[in-house]
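The values are calculated or read from the model by the stated rules, or taken from the named source; none is laboratory data. These numbers were taken from a predicted model, which means no experiment stands behind them. Ideal geometry is used to build each Cβ from the backbone, glycine not excepted, and the neighbour counts take in all protein chains shown.
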Amino acid sequence: MLSHEQNESLVRVGPGTSMGDLFRLYWIPFYPGSALTPDGQPKRVKLLGEDLVAFRDSEGRPGLIANACPHRGAPLMFGRNEECGLRCVYHGWKFGVDGKVTDMPAEPAESGLKETVRAKTYSCRERNGVLWTYMGPDQDNPPPLPQIEWNLVPDENVFVSFRVQECNWLQALEGEIDSAHAPILHGRIDNKGAISDWVASKDLSPRFECKEQPFGMSIASRRSIGDDTSYWRVNQFLLPFWTLVPPQSKFPELSGHAWVPMDDETTLCLMFSYTPAGPLYPRMRELLAEGHKGRETGHASQNCYAPKPSTTPYADFWTRFSPDTGYGFDYNSQRDTWFSGMPGLWVQDAACQTGVVPIVDRTQEYLSASDMGIVRTRRLLLKSLAAYHDRGETPASVQDPETFMVRSISLHLPSQASWTEDGAAFMRAELGSDFGYAP
Ligand code: FES
Ligand SMILES: [Fe+2]
C-alpha cells in the first residue's frame, strides 16, 4: 500500500512531474524503424504526456518533433514530409529534424524570423531496427544508449512487437514482475477434471526473495521440486521501465518489455523475445508473429491490430483486445478451456493489469506475501526519486550503459544453494554467449 502522494509521484509522467523527470534521464525506445520511410507519412506519437510527431526525412534521418507548430499551433502531423523537412500545411513553415526552420514562404525575406524560431525536437537514434529518443534536458549531451542485449543481438535472433495498453505504465510493469500470477491467470484447465484438482496439481505459492542491484531489482521466486531441488525463476526490473522474464518452454528464449508511458493513462508496450547465441527457432518466430490457433502469445500478433485514425497517437498499434471489447472474454471458455476465459497470454495480462481504472488507487490494496517484488520495486523507485530530486543523484544506469547487460534466469538448484551466488554468472549478459545452463 502506498500513500496517495507516493502513488501520485510514481504514476504521473508529464513534464515537471517527479517520475516524468526521472524517465527523461533515459533513452526511450519509441517506434519500429521500418514503420517510418524517407518522405513517408509522419506518425503521431505520444510520450511522457507530450504530443509529438515522428518522421523520417529524405535522407533517412529520423525526427521527433512537437505536434503543435511553433507558429500558431497547427498539427504538424498533417505536415508535408518532403525535401529534407516537415512543412506545416497551415502557412508552410518548414522544419528539419533538428527543429530549425528552413523555409517561411509567407514571411518577407528580410524579416529574419526564420533564424529565431525553433520547433521543439528530441534527439533520436536508431539501432537494430528500433528508434530511440532522449527527452532529457540536455539535448546536446545525451547519455550513451543502454547496452541492452535484445537490441544488440543480430536481427535473426530477435522478435519485437509494439502495442498500446490502456492503463498507467506502473500497473502494467507490476504485472510482469509478479510471477505468482503466471500459473493461475495463464492456466489451462482442459482435460484437468475438477478445478480443485487442477489447483492441487501445481505449486501456486512460490517463496519470494529480492535483491537490489545496480540496474534495479532482481525478484526471485522459488518453487520446491521434491525434497532436494528448488526451481528458481528470477525476473529483473531495470530502471526506469524495463522487465525481463526468465526462459522456459521447449525452445527457450529470453523476453521482456519496455513499459513506455504514452501519458498517465496509456502505455506503449514494447515486447522483445530473443535467443542470445543464435537465430530464433523459425517455429517460434512464426508463433510470435501469428499467434497460435487464433490465440495470442506474449506478443501482439499481426492479426490483432485494430488501427485508429492516423490522428490518434500510435494509431497502428491499438488492438482489438481492450476494455471496450471486453478482451474477448468468454464465460464458456472459462468453464472448459482457459482458467481466465480470455484468449491468450498478453490479453490475459492486459485485462488484469489494466484493471477497472487506468490508474490504480494504491492506497486501497491488500498486499500479500507474493507481492514482495512489487513492494520492493516501488520502494526502489521512490528511493530513486528522492535521491534525484533531493540530492541531484542520478541512478548508475543513466551514465553506465553496461549496467543493462543482464538476463533473467530460470534455474534448478540444490535446495541449500543460493540463487544470488549460484545464479550470478548466468544473470550477466555476454553478447553471443548461450544461457550457460539448461532452462
Ligand atoms: S501554424 Fe504552422 S505555419 Fe502557421
Ligand atoms: Fe502474465
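Considering (1) part of a loop (DSSP other than H, G, I, E, B); (2) surrounded by fewer than 22 Cβ atoms within 10 Å (Cβ to Cβ); (3) of a type outside the set (A, V, I, L, M), the lone condition that residue 285 does not fulfil carries the number (1). Go through the range 312-353 and give me each residue that's within 21 Å of residue 46 (Cα to Cα) and within 15 Å of ligand 2 (Cβ to nearest atom). Across the range 312-353, the qualifying residues are 321, 350, 353.
Comparison of 280, 268 shows that the only residue that is more than 16 Å from ligand 2 (Cβ to nearest atom), assigned to a strand (DSSP E or B) and modelled with pLDDT of 95 or more is 268.
Among residues of the range 203-225 that are assigned by TED's automatic domain parsing to the domain that holds residue 411, those with a Cβ under 7 angstrom from a residue that is of a type in the set (Asp, Glu) and surrounded by fewer than 17 Cβ atoms within 10 Å (Cβ to Cβ), sequence gap 6+ or separate chain, pair up as 223/203; 224/203.
Looking for something at pLDDT 95 or above and exposed (fewer than 15 other Cβ atoms within 10 Å of the Cβ) - is there at least one such residue anywhere in the range 22-31? Within the range 22-31 (the criterion being at pLDDT 95 or above and exposed (fewer than 15 other Cβ atoms within 10 Å of the Cβ)), the answer is no, since none of the residues qualifies. Among the residues of the range 108-127, are any in contact with a helix residue (DSSP H, G or I) (Cβ under 8 Å, 6 or more places away or on another chain), modelled with pLDDT of 95 or more and more than 15 Å from ligand 1 (Cβ to nearest atom)? Checking the range 108-127: at least one residue is in contact with a helix residue (DSSP H, G or I) (Cβ under 8 Å, 6 or more places away or on another chain), modelled with pLDDT of 95 or more and more than 15 Å from ligand 1 (Cβ to nearest atom). Of all residues in the range 329-357, those satisfying the criterion of being of a type in the set (S, T, N, Q) and either assigned to a loop (DSSP other than H, G, I, E, B) or touching a residue at least 60 places away in the same chain (Cβ under 8 Å) (or both) are 337, 340, 348, 353, 354.
If you check 59, 107, 115, 83 for being more than 19 Å from residue 44 (Cα to Cα), away from ligand 2 (no atom under 16 Å from the Cβ) and crowded, with 16+ Cβ neighbours inside 10 Å, only one passes: 107. Listed here are the strands (runs of 3 or more DSSP E) enclosed by the range 10-69 that have at least 3 residues being without any contact (Cβ under 8 Å) to a residue 60 or more places away in the chain: 50-56. Taking every residue in the range 172-189 that is over 13 Å from residue 372 (Cα atoms) and pairing it with any residue that is within 16 Å of ligand 1 (Cβ to nearest atom) and assigned to a helix (DSSP H, G or I), at least 6 positions away or on another chain, yields no pair with a Cβ-Cβ distance below 6 Å. For the range 354-397, a residue qualifies if it is polar (S, T, N, Q) and under 22 Å from residue 148 (Cβ atoms), and the qualifying residues are 377, 384, 394, 397. Between 385, 367, the distinction of being hydrophobic (A, V, I, L, M, F, W, C) and closer than 27 Å to residue 233 by Cα belongs to 367 only. Among the residues of the range 288-302, the one identified as among the basic types (Lys, Arg) and within 16 Å of ligand 2 (Cβ to nearest atom) is 295.
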